[in-house]
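Visitor: Here it is, the structure in full.
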Amino acid sequence: MTGRKEKSIEKREKRLQEISLLRTIPYSDHQRWWSAETIAVVTGANRGIGFEIARQLAGHGLTVILTSRDTGVGIEAAKVLQEGGFNVDVHQLDILHDESVSEFTKWIKEKYGGVDILINNAGVNYNLGSGNSMEFSKTMIETNYYGTKNMVKAMIPLMRPSAAGARIVNVSSRLGKLNGRRSRIEDEALRAKLSNLETLSEELIDNMVSTFLQQVEDNTWQSGGWPQKFTDYAVSKLAVNLYSVLLANQLAERPEGRKIYINCYCPGWVRTAMTGWSGNVSAEHAADTGVWLALLPNKEVTGKLFAERRELKL
Ligand code: NDP
């Protein structure tokens with residue numbers, strides 16, 4: 001093993017230990033802006049990181065709506081938490097299907113009157129190891145980017161006014177960075193436009209992903225200047241990260257009391273079905289930064305990408 005690799009493993013281990021300690025510090029009364037009436041929706045919560053986020057949020061005393069695209073699986077997962085004494089409700093939700101999203105939106109509005117926290121966790125990845133299969137690129141972009149956007153657009157009108165502000169947390173990835181060490185948009189002009197709030201727009205992000213998908217279809221993506229590893233996954237998460245920056249900027253204009261804060265985080269390489277249980281971080285640890293962001297007492301944090309409770313440069 002190279003010295004550099006050893007050092008970075010050591011650094012990560014140390015940070016994991018620090019976070020384990022941080023997690024033992026309870027929130028004080030003045031930090032706890034939430035209560036049992038606070039409603040947190042978690043997508044793809046029937047397993048993996050989503051289930052763990054649901055468990056931890058419920059453990060902090062919130063009401064958690066565990067959603068799952070398979071009704072039966074969702075009910076079983078929710079039962080585990082309900083039997084543990086947690087305040088957890090369950091509903092079917094497939095973020096790719098408009099009917100499912102609107103049925104869920106109607107249900108939650110009628111039953112709870114609104115939402116305070118949305119955790120966009122549902123996602124897919126079909127690349128295993130360092131493989132770079134393009135076979136499922138469309139599903140990946142649609143689920144990870146458009147599915148997340150569908151949920152954000154459906155839930156924002158339901159987000160309740162509060163002094164603490166409503167929160168959106170997107171479970172994303174550090175692979176989705178503009179200038180990452182392992183992933184980078186090579187086209188300098190595009191990178192410049194995407195990194196400038198004056199030129200960043202939803203159309204620009206949508207165009208970026210459709211150009212990518214068109215190149216996949218034409219089999220020209222290799223020379224398109226896209227991230228070289230986990231390419232389709234990296235593009236999907238880059239789109240999520242950029243959309244969050246854009247939206248954070250727009251939402252910042254809302255008046256005090258009606259604010260909505262939106263952030264992304266990378267959970268690390270996690271032992272879940274997605275990685276064939278080959279990650280180096282447990283789901284429990286992977287959920288931590290998402291839960292921390294959702295409950296952050298400091299409400300000014302928005303439009304950022306985090307990993308292990310620290311901000312990363314996009
Ligand atoms: P899992 O594969 O264990 O869980 C993914 C969840 O998303 C499942 O509940 C799945 O439902 C759900 N899902 C997929 N498509 C849809 C859809 N169309 N509608 C609703 N739900 C859907 O993966 P993880 O827990 O590891 O991943 C959770 C999130 O973390 C993802 O966004 C992923 O990209 C991100 N992430 C994971 C990393 C890792 O190393 N594991 C690294 C970086 C980011 P079903 O059970 O029905 O398939």
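Visitor: Just grab the label-to-label distance for Arg4 and Glu300, each label 7 Å out from Cα along the Cβ direction, in nm (one decimal).
Guide: Between Arg4 and Glu300, the simple spin-label model gives 3.6 nm.
Visitor: Continuing with the same structure: Which of the pairs Lys193/Lys313; Lys237/Lys304; Lys14/Lys229; Lys177/Lys259; Lys177/Lys304; Lys79/Lys109 have their Cα atoms more than 19 Å apart in this structure? Please report the intermediate quantities before stating the final value.
Guide: On the way: Lys193/Lys313 16 Å; Lys237/Lys304 13 Å; Lys14/Lys229 27 Å; Lys177/Lys259 26 Å; Lys177/Lys304 12 Å; Lys79/Lys109 23 Å.
Exceeds cut-off: Lys14/Lys229; Lys177/Lys259; Lys79/Lys109.
Visitor: Just to be sure I follow: if Rg is taken over the C-alpha atoms of segment 1-112 and Rh is the Kirkwood radius over the same atoms, what is Rg/Rh?
Guide: Values: Rg = 17.9 Å, Rh = 16.0 Å.
For segment 1-112, the value is 1.11.
Visitor: While we're on this one: Taking the Cα centre of each part, how many Å lie between segment 101-148 and segment 188-208?
Guide: Comparing the Cα centres of segment 101-148 and segment 188-208, I get a distance of 23 Å.
Visitor: Over segment 1-157, what is the mean sequence separation of C-alpha contacts under 8 Å (at least six apart), divided by residue count, expressed as relative contact order in percent? Before the final figure, lay out the partial values.
Guide: Numbers: 204 pairs, mean separation 32.4, N = 157.
After rounding, I find 21 percent.
Visitor: Roughly what % antiparallel, to the nearest 5, for the DSSP beta bridges in segment 177-314?
Guide: Just about 50 percent of them are antiparallel.
Visitor: Going by how many other Cβ atoms sit within 10 Å of their own, how do Ile156, Ile260 line up, fewest first?
Guide: Ile156, Ile260
Visitor: While we're on this one: Residue separation times 0.36 nm, minus the C-alpha to C-alpha distance between Glu13 and Tyr27: what's the value? Mind showing how you got there, number by number?
Guide: Numbers: separation 14, 0.36 × 14 = 5.04 nm, distance 2.42 nm.
That pair, Glu13 and Tyr27, stretches by 2.6 nm at full extension.
Visitor: Still on this model: Based on the Cβ-Cβ distance from Thr199 to Asp98, what FRET efficiency comes out when R0 is 25 Å, to the nearest 0.05? Display every interim value, and only then the final one.
Guide: Working: r = 30 Å, r/R0 = 1.20.
After rounding, the FRET efficiency stands at 0.25.
Visitor: So in the chain, what percent of DSSP beta bridges are antiparallel if you round to the nearest 5? Walk me through the numbers before you get to the answer.
Guide: Numbers: 4 of 31 bridges.
Restricted to the chain, the bridges split so that about 15 percent are antiparallel.
Visitor: A further question follows. So for the pair Arg181, Lys79, with labels modelled 7 Å out along Cα→Cβ, what separation do we get in nm?
Guide: 4.6
Visitor: Restricting to DSSP H runs of at least four residues, report the calculated mean residue ellipticity at 222 nm for the chain, -39500 (n - 2.57) per run over all residues, nearest 500 deg cm²/dmol. Could the numbers behind the result be given before it?
Guide: Details: 10 runs with 131 residues, N = 314.
Roughly -13000 deg cm²/dmol at 222 nm, from the helical runs in the chain.
Visitor: Could the peptides 187-200, 274-287 be put in order, highest first, of the mean number of other beta-carbon atoms found within 10 Å of their residues?
Guide: On the way: 187-200: 12.9, 274-287: 17.1.
The most tightly packed comes first, giving 274-287, 187-200.
Visitor: Starting with the fewest neighbours, write out Thr302, Thr105, Thr289, Thr24 ranked by other beta-carbon atoms found within 10 Å of each beta-carbon. Write out the running numbers ahead of the final one.
Guide: On the way: Thr302 21, Thr105 18, Thr289 24, Thr24 6.
Least to most surrounded, the residues fall as Thr24, Thr105, Thr302, Thr289.
Visitor: Using only Cα atoms, figure out Rg for segment 215-309 and give it as a multiple of 2.2 N^0.38 Å.
Guide: On the way: Rg = 16.6 Å, N = 95, 2.2 N^0.38 = 12.4 Å.
With N residues counted in segment 215-309, Rg over 2.2 N^0.38 Å equals 1.33.
Visitor: Let me ask another. For segment 275-314, place one equal point scatterer on every Cα, skip the solvent, and apply the Debye formula. What is log10 of I(q)/I(0) at q = 0.20, 0.28, 0.31 Å⁻¹?
Guide: -0.68, -1.02, -1.12
Visitor: What is the spread of the Cα atoms of segment 63-219 along each of their three principal axes, largest first, in whole Å?
Guide: 51, 37, 29
Visitor: Treating only the Cα positions of segment 118-172 as identical point scatterers, give the base-10 log of I(q)/I(0) from the Debye formula at each q in 0.14, 0.17, 0.19, 0.22 Å⁻¹.
Guide: Cα-only, vacuum Debye calculation for segment 118-172: -0.48, -0.62, -0.71, -0.85.
Visitor: A further question follows. Taking the Cα centre of segment 54-165 as the origin, how large is its charge dipole in debye, to the nearest 20, when only Lys and Arg (+1) and Asp and Glu (-1) carry charge on their Cβ atoms? The partial results should precede the final answer.
Guide: Numbers: 10 positive and 12 negative charges, 66 e Å.
With Lys and Arg at +1 and Asp and Glu at -1, about 320 debye.
Visitor: Moving on. How many angstrom lie between the Cα centre of segment 8-44 and the Cα centre of segment 246-299?
Guide: Taking the Cα centre of segment 246-299 as reference, the centre of segment 8-44 is 11 Å away.
Visitor: Rounded to the nearest 20 debye, what is the charge dipole size of segment 1-132 about its Cα centre when +1 sits on each Lys and Arg Cβ and -1 on each Asp and Glu Cβ? Don't jump to the answer; show the numbers that get you there.
Guide: Working: 16 positive and 17 negative charges, 152 e Å.
That gives a dipole near 740 debye.
Visitor: Running Debye on the chain with equal point scatterers at the Cα sites and no solvent, what base-10 log of I(q)/I(0) appears at q = 0.13 Å⁻¹?
Guide: -0.94
Visitor: Taking the highest mean first, how do the peptides 116-125, 165-174, 88-97 order by number of other beta carbon atoms within 10 angstrom per residue? Present the calculation step by step, with values, prior to reporting the outcome.
Guide: Working: 116-125: 25.0, 165-174: 26.6, 88-97: 20.7.
Sorting 116-125, 165-174, 88-97 by mean packing, highest first, produces 165-174, 116-125, 88-97.
Visitor: Net charge around Lys138, counting only other residues with Cβ within less than 11 Å of its Cβ (Lys, Arg = +1; Asp, Glu = -1)?
Guide: Numbers: positive: none; negative: Glu135, Glu142, Glu217, Asp232.
After counting each charged neighbour, the total is -4.
Visitor: How much length is gained if the chain between Glu135 and Thr220 is pulled fully straight, taking 0.36 nm per residue apart and subtracting their Cα-Cα distance, in nm to one decimal?
Guide: That pair, Glu135 and Thr220, stretches by 29.2 nm at full extension.
Visitor: Normalising by the residue count of the chain, find the relative contact order in percent from Cα pairs under 8 Å and 6+ residues apart.
Guide: On the way: 566 pairs, mean separation 58.2, N = 314.
RCO, the chain: 19 percent.
Every read-out reported here was derived from the displayed coordinates using simple, explicitly stated rules and does not represent laboratory data. Keep in mind it's a predicted model, so treat the numbers as computed, not measured. Backbone-built Cβ (ideal geometry, glycine too); neighbour counts: all protein chains shown.
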